[in-house]
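**Student:** Quick one: the structure is below, and I'll ask about it shortly.
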Amino acid sequence: MSGMKRNDYMDFLKGICIISVIIGHSIVGIPGLNVLFHIVYSFHMPLLMFVSAWIEEQGRDRNENHSVRTIRKRAEGLLVPYVVWCFIYNVNFGVPLSIDYKDFWSQFIGSAQSGLWFLATLFGLKCVHVLYWKIQDKFSKNNFIFNMVSIFLLEGGIIILAALTRAPYLINMVSYAIPYFFGVIYVSETAFQKFCSKEWVLLLSVVSYIAVFPIFDFQNTEPSTQVIRIFLSLCVIVVCCKGQAGWQKNNRLKEQLCYLGQHSLAIYLLHGYFVDYANFIQRADSGWLSGILVAIFSVGVAYTCTFIEKIIGTSRYASKILFGKDKK
């Protein structure tokens, strides 16, 4: 985030999220780690959306009256890596070198499952975020009721477009817009910050999470699953908001999570090549031992990815097209 002081707490949360992503992807289908799997999937991607909105809203002054330039920069940072990695994921590096264009197109439009969905969905939400700013500027209003009505209308627009087009990325935006705009309102509204900081709100969030979590099954394809997931993620987000008040980076663990958070996009894009160790974990007799092993492996994968990013980052061009950022 050149030109703006980094928010260590946001990097810390991104560090937790990216480790959770690796854990979630590495333990799919391991019965002994089912609870851990569902804990991770109850919050990790919505929390990343919340953090991204927080950072975007904090940088509003830098982007004000530059909507086209802002969207172009977000396209360079998210869509360029998206297209490039869609291509890379479908290259057969055998002899001769080849690419499956059919699978490439399926991943590109979102009809085939791919971890790259996150980049396209986040870009869409950032475009809606810029539209939200333009609405405020157009009507010269910035009060809580007007902002909430604006968000409600924008969410309604996303729902209508998703229903008409059935586009996978628009469907993703429907649910992820909720934690995203929670971040927007939290940063911009002091009254909302005070509300989230109340002890009874924190307690209610914790109790609600504990009460609802037993019915959450991420592998259930019913629409209610996403509703429950977003509710659980909002409970976690409230806890994270409260945690900022006492935040200070004063130990090695926090520093390292901040470091991983700073490199979260590269880790997200690279980690899929290194998470195929489920068979090894399954050999552990103890669920606790399996959990410890997966945590160790996940941290190792994250640092491996940052090492690869550093090597790639020696080329400014490669860093830009693969990870959406300039060499510093």
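A short reminder: the numbers here are calculations on the coordinates, not readings from a lab. Predicted, not measured: the structure shown is a model, and the values here were computed from it. We place every Cβ from the backbone using ideal geometry, glycine too, and count neighbours over all the protein chains shown.
**Student:** Give me, ordered by chain and number, the residues 5 or more places off ILE99 or on other chains with an amide H under 5 Å from its own placed amide H.
**Tutor:** ASN92
**Student:** In nanometres, what is the gap between the two model label sites at LYS134 and ASN251, each 7 Å from Cα along Cα-to-Cβ?
**Tutor:** About 4.7 nm separates the two model spin labels.
**Student:** Of LEU322, TRP133, THR221, whose Cα points farthest to the positive end of the dipole of the chain (charges on the beta-carbon: +1 Lys, Arg; -1 Asp, Glu; origin at the Cα centre)?
**Tutor:** About the Cα centre, the residue reaching furthest to the positive side is TRP133.
**Student:** I'd like the distance between the alpha-carbon centres of the stretch 229-270 and the stretch 293-314, rounded to an integer number of Å.
**Tutor:** The distance from the Cα centre of the stretch 229-270 to that of the stretch 293-314 comes to 17 Å.
**Student:** Ranked by Cβ crowding within 10 angstrom, fewest neighbours first, how are SER150, SER315 ordered? Walk me through the numbers before you get to the answer.
**Tutor:** Values: SER150 18, SER315 12.
Exposure proxy ranking, most exposed first: SER315, SER150.
**Student:** Where the centre of each part is set by its Cα atoms, how far does the stretch 22-68 sit from the stretch 108-173, in angstrom?
**Tutor:** Rounded to whole Å, the Cα centres lie 16 Å apart.
**Student:** Roughly how many debye, to the nearest 20, is the charge dipole of the chain about its Cα centre, given +1 on each Lys and Arg Cβ, -1 on each Asp and Glu Cβ, and no other charges? The partial results should precede the final answer.
**Tutor:** Values: 29 positive and 20 negative charges, 204 e Å.
That gives the chain a dipole magnitude of about 980 debye.
**Student:** Just rank LEU48, LEU153, LEU234, fewest to most, by other beta-carbon atoms within 10 angstrom. Can you show the working numbers first?
**Tutor:** Numbers: LEU48 25, LEU153 12, LEU234 20.
Least to most surrounded, the residues fall as LEU153, LEU234, LEU48.
**Student:** Another question, if that's okay. For each of CYS127, CYS305, count neighbouring Cβ atoms within 10 Å of the residue's Cβ, then give the residues from fewest to most.
**Tutor:** On the way: CYS127 16, CYS305 24.
Starting with the residue having the fewest Cβ neighbours, the order is CYS127, CYS305.
**Student:** Here's something else I'd like to know. Suppose R0 equals 25 Å; then what is the FRET efficiency for VAL80 and THR304 from their Cβ-Cβ distance, rounded to the nearest 0.05?
**Tutor:** On the way: r = 24 Å, r/R0 = 0.94.
Calculated transfer efficiency: 0.60.
**Student:** Full extension from GLN113 to LEU203: what is 0.36 nm times the residue separation minus their Cα-Cα distance, to one decimal in nm?
**Tutor:** Working: separation 90, 0.36 × 90 = 32.40 nm, distance 3.69 nm.
Separation in residues times 0.36 nm, less the Cα-Cα distance, equals 28.7 nm.
**Student:** Continuing with this model, one more query. Have a look at ALA266, ALA318, ALA211 and tell me which one the Gaussian network model of the chain (Cα, springs below 10 Å) gives the largest fluctuation.
**Tutor:** ALA211
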